[in-house]
Amino acid sequence: MKLLIEPIFDQKQKILDNVSIYSPDKEVRDRLHAVKYDYAEAQYIRDNTYAEFNDRDLISQIDDDERAFNSYIPAPSEDPNDSWRANVVKPVTRAKSISIAANVTAAVLYPNVIAQNQNSELDRDAAMVMKDLVEFSLDSSQYEKTFVNAVIGAMYSPAVFIEDGFAEVYRTIKELTANGYTEKEILDDIFSGFQNLIVPCEDMFIGNVYEPDLQKQPFLIKRRIIDFTEAQLKYGHLEDFEYVTPGIRVFYADEQDMFYERYEEGLRNRLVEEVTYYNRLADLEIVIVNGVMVHGDPNRPMQRTDKKYPFVHFGFEPFNDRFFYKKSLVAKIAPEQSVIDVLYGLAIDSAMLQTMPPGVTYGNEEVDSPIVVPGKVTTFMEGTTYTPLNVGANMNFAMTMLEAMEESISMNSASNLTGGGTPRGANTAFEVATIQENAMKVLGLFGKMVKFMVEEFGDLRIGSILQFMTVAEGLETTGETSVLRFREILVPDRMVDGKKTARKISFKKQKFASEEEALMRSYELLSQEKALDMTLAEVNPTLFRTLKYKTKVEADMLFSQSESIRKALNLEAYDRAIANPVIAQDPTAVKEVTRHFLLNNYVPGDEDKYLPEEKQKQPMMAQAGQPQGTGMTDKILNRQGANPTAL
């Protein structure tokens with residue numbers, strides 16, 4: 001199914017399609033013509049063959065890789081002389097792919113945040129708040145599922161695209177009443193909020209195949225087939241959406257300067273094609289549904305305030321430093337997999353021949369294959385004999401070759417240890433940990449690819465947070481005054497000073513007249529923290545948006561020690577530390593050893609529930625001049641001037 005279709009002509013070059021009632025102005029037509037021109041360039045890139053794909057085009061490469069990942073078995077031969085042969089595939093490729101994906105996704109990778117002010121000074125308080133907001137938004141948009149699916153996609157796809165978006169979609173519901181129901185418009189929870197979507201490689205069109213940086217692409221075109229009801233939720237409020245009909249595609253004929261429509265069987269009277277055209281240099285984001293520019297504005301700017309493409313892309317490993325697409329794991333081990341399939345089939349064929357060998361008859365009687373039936377008695381004419389053929393084969397050679405090919409695949413991907421295999425000759429936890437560490441080094445390059453992806457996606461999510469979470473939702477009237485109403489975010493299960501607690505982040509556009517006033521507000525927050533049993537952070541959204549943020553991820557976090565090995569090492573450290581007389585004589589040291597090396601293995605964040613409380617000391621507030629507490633209560637003061645302001 002093509003993205004932009006051309007009219008159908010008869011022998012006299014007369015258009016056979018129906019004329020559409022959709023007839024926008026010249027400016028819209030010119031924009032559609034420009035989008036059509038860029039699409040033609042993107043289609044040429046897609047249809048062209050490349051040496052990186054073994055002189056195949058992109059779609060052929062995608063199809064071959066997906067078949068190999070799914071252990072696709074072709075239809076058996078219809079030739080009776082070959083139909084007996086084994087038609088099998090040994091799923092080594094899929095096993096290796098799932099093994100690597102399982103190891104990489106054992107711990108979901110979240111981006112860490114670094115914040116700087118205008119003087120290039122680190123702001124740890126703002127970084128902590130932004131990190132909480134990033135993780136909160138990722139958790140609310142099913143980031144864990146996206147991360148797992150993206151890693152699995154890198155196993156078989158030349159590129160995995162992840163989209164960062166934010167939407168507010170409203171729908172009409174029927175609310176039951178005593179007299180029946182009344183209609184009410186509500187915010188749809190499914191289609192609203194932060195969105196991180198995986199876009200299939202075949203649904204993304206690029207403008208330059210030799211530009212590896214996605215943000216430097218001249219344009220991007222994203223295509224989706226969605227249900228008409230979803231399109232109504234997203235675009236039904238727009239004036240030009242009335243020209244959108246499920247199953248009917250509208251297209252523009254340049255030479256005739258007319259719009260025509262055609263029925264598409266693939267859309268089945270209920271689907272529509274959603275096309276989004278992005279051009280970062282021209283600052284354009286055009287949405288076309290079934291050929292209709294639903295927003296009606298041919299100069300509609302990109303909706304992100306940072307003016308970035310809302311996508312990141314990555315793959316298993318790069319071809320080189322100039323090609324946009326990546327080499328998937330499936331494509332990397334395809335040569336060995338093809339040899340394994342041949343040898344595996346030959347081994348099965350040989351075993352079948354040795355178990356039920358063919359035979360020959362000598363004499364005047366013809367004997368067919370049905371004589372080889374258990375319990376069947378066959379009478380031969382005098383002088384007729386049956387002799388089985390000797391089909392002995394060197395199975396050891398075939399099995400040796402199979403092992404060599406599988407070892408080659410392990411060298412190019414990951415060892416059997418990463419898939420749960422047992423190492424030979426390793427008995428101690430230290431030996432197993434050492435072997436596991438060496439096995440993970442093979443995945444180091446892919447770990448860096450995942451690291452780059454998480455960092456780039458984190459940067460996009462920070463842009464969305466600054467654009468949508470730090471702005472006022474409306475006016476809140478209190479008495480005779482009205483103030484802007486900002487969001488309040490409750491982030492559960494945060495680790496603060498080794499304890500698991502909740503943190504409440506409030507955006508408030510407030511200024512303090514003096515340092516004393518800011519200090520009093522800090523004491524108030526400290527008192528509220530103790531009452532609510534959570535940490536509180538008040539953030540000035542204007543100042544918060546002026547800071548510069550950058551995400552950082554360590555690739556080593558992907559391949560940390562297994563949980564069982566970590567527990568074993570911690571328990572070993574606990575036993576030795578408790579037996580150490582220097583530590584055993586200090587109750588505080590014993591408590592900390594118990595917290596970190598024993599209880600942290602089983603109840604991380606809740607260790608204090610099982611430890612005796614220490615005697616509380618009176619805080620020396622008068623000498624320190626600062627409130628004694630946790631969280632953000634002692635960090636909200638602006639340290640840049642005499643008129644402090646909340647962060």
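Annotations for the structure displayed:
- Hey, Val373 at pLDDT below 75, surrounded by 14 or more Cβ atoms within 10 Å (Cβ to Cβ) and not in a helix (DSSP H, G or I) or not: no
- For region 94-135, filtered to residues that are among the hydroxyl-bearing types (Ser, Thr, Tyr) and out of contact with any Leu (no Cβ under 8 Å at 6 or more places or on another chain), the residue that is farthest from Val342 (Cα to Cα) is Ser120.
- Any chance Ile162 is in contact with a strand residue (DSSP E or B) (Cβ under 9 Å, 6 or more places away or on another chain) and within 30 Å of Ile489 (Cβ to Cβ): yes
- Look at (1) surrounded by 15 or more Cβ atoms within 10 Å (Cβ to Cβ); (2) part of a helix (DSSP H, G or I) and you find that Ser71 fails only one, number (2).
- Check on Asn196, out of contact with any Leu (no Cβ under 7 Å at 6 or more places or on another chain), assigned to a strand (DSSP E or B) and under 30 Å from Pro158 (Cβ atoms): yes
- Set Glu211, Glu163: member being in contact with a Pro (Cβ under 6 Å, 6 or more places away or on another chain) and either in a loop (DSSP other than H, G, I, E, B) or in contact (Cβ under 8 Å) with a residue 40 or more places away in the chain (or both): Glu163
- Restricting region 542-559 to residues that are more than 16 Å from Met128 (Cβ to Cβ) and surrounded by 13 or more Cβ atoms within 10 Å (Cβ to Cβ), the residue that is modelled with the highest pLDDT: Arg545
Conditions tested, residue by residue: (1) closer than 30 Å to Leu466 by Cα; (2) touching a Phe, Trp or Tyr at 6+ places or on another chain (Cβ under 8 Å); (3) at pLDDT 80 or above.
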| residue | (1), (2), (3) |
| --- | --- |
| Arg566 | no, no, no |
| Val603 | no, yes, no |
| Ala624 | no, no, no |
| Gln628 | no, no, no |
| Gly631 | yes, no, no |
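- Within region 225-261, being in a strand (DSSP E or B) and buried (at least 17 other Cβ atoms within 10 Å of the Cβ) holds for Thr245, Ile248, Arg249, Val250, Phe251, Tyr252, Phe259, Tyr260, Glu261.
- Enumeration of residues in region 244-303 that are hydroxyl-bearing (Ser, Thr, Tyr) and either over 31 Å from the mean Cα position of the chain (by Cα) or at pLDDT below 95 (or both): Thr245, Tyr252, Tyr260, Tyr263
- Qualifying residue in region 276-290 (condition: in contact with a Lys or Arg (Cβ under 8 Å, 6 or more places away or on another chain), crowded, with 19+ Cβ neighbours inside 10 Å and more than 23 Å from Val35 (Cα to Cα)): no
- Just one of the listed residues (Asp341, Asp306, Asp321) is assigned to a loop (DSSP other than H, G, I, E, B), under 27 Å from Asp57 (Cβ atoms) and in contact (Cβ under 8 Å) with a residue 24 or more places away in the chain, and it is Asp321.
- Enumeration of residues in region 262-275 that are surrounded by 13 or more Cβ atoms within 10 Å (Cβ to Cβ) and assigned to a strand (DSSP E or B): Arg262, Leu271, Val272, Glu273, Glu274, Val275
- On the stretch given as region 37-56, residues that are closer than 21 Å to Asp283 by Cβ and surrounded by 17 or more Cβ atoms within 10 Å (Cβ to Cβ) total 3.
- Filter pass, Asp321 being in contact with a strand residue (DSSP E or B) (Cβ under 8 Å, 6 or more places away or on another chain) and among the charged types (D, E, K, R): no
The values are calculated or read from the model by the stated rules, or taken from the named source; none is laboratory data. As the structure is a computational prediction, the values presented were derived from the model and not from experiment. Here the Cβ is made from the backbone with ideal geometry for all residues, glycine too, and neighbour counts use every protein chain on show.
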